[in-house]
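Peer 1: Quick one: this structure, given as structure tokens, is what I'll be asking you about.
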Amino acid sequence: MGFGQRFQAKSNAQVNAAATPPSGNAAEAIWHQLYDTQTFTSAATVTLTFFRAAVADQTLSNMPQGGVLPVPQTLQIYDITLDMLSVLPVTVDTAVGPLTTAGVLNDLSLVIFGSGQRPTWTLGISDKNYGPYSLTVLHGTGGPAGWGYGSSIATSSGSIQYARNEPAPGWNYYGNIIIPSQVNFSLVMNWAATATLTANKLLRCSFFGVLNRRVL
């Protein structure tokens, strides 16, 4: 989309009216990312549930409270995304001998695309479920592009790889699914089998959309 946006000029009166709430109970609407992070444990995880609990560390989650939005907040969901966070985002192999395919690119492929794992996700709001749908439709928010490189001779070898989930347009509800205030919601991911990774990974699920909240 680029950084520049089309705009229409407004008078000072229009801008001031929009910037000044008529009362303390008035609502404002902002574009918002609601995210939660869970640990995918190598060779163990088959189910992860997101957005069920508030976390003190806001680098992991910005849920205001566990499982619900506080009054009077509501969220009109547009995009749902998935990122994989790794302690070592770049995998380097300098061992002598054959190159290995193990690394962050292979880990991401197993988590979202493995034929043995066949991962799915389901969105639940109150007692209604949306899904299950395939995990491959949840794309990433950005980062380094995935690629691999390797070279090998008789006495040495080397490879390097890093990965991100594809940031191209993925799943989008276009605001038609709404999380009301004080209504339980979660997103559950399921895998048919465990995946053995090079190390445990953090999976961050995000809802992007329009958040309505109190102005003051």
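All of the numbers you see were taken from the coordinates with simple rules; none came from a lab. Since the structure is predicted, the reported quantities are computational estimates derived from the model, not experimental observations. No Cβ is skipped: glycine too gets one built from the backbone with ideal geometry, and neighbour counts run over all protein chains shown.
Peer 1: Could you rank the peptides 109-118, 62-71 by their average count of other C-beta atoms within 10 Å per residue, with the highest value first?
Peer 2: Put in order of decreasing packing, that is 109-118, 62-71.
Peer 1: If you don't mind, there's one more thing I want to ask. Would you grab the residues whose amide H sits under 5 Å from the one on A54? Only those 5+ places off in sequence or on another chain, please, with H modelled 1.01 Å from N.
Peer 2: Hits under the 5 Å cutoff: G66, G67.
Peer 1: Something else about it: Taking 0.36 nm per residue of separation and subtracting the Cα-Cα distance, what length does fully extending Q58 through R6 add?
Peer 2: 15.4 nm
Peer 1: Can you compute the FRET efficiency between D127 and V215 using 1/(1 + (r/R0)^6), with r the Cβ-Cβ distance and R0 = 35 Å? Round to the nearest 0.05.
Peer 2: 0.65
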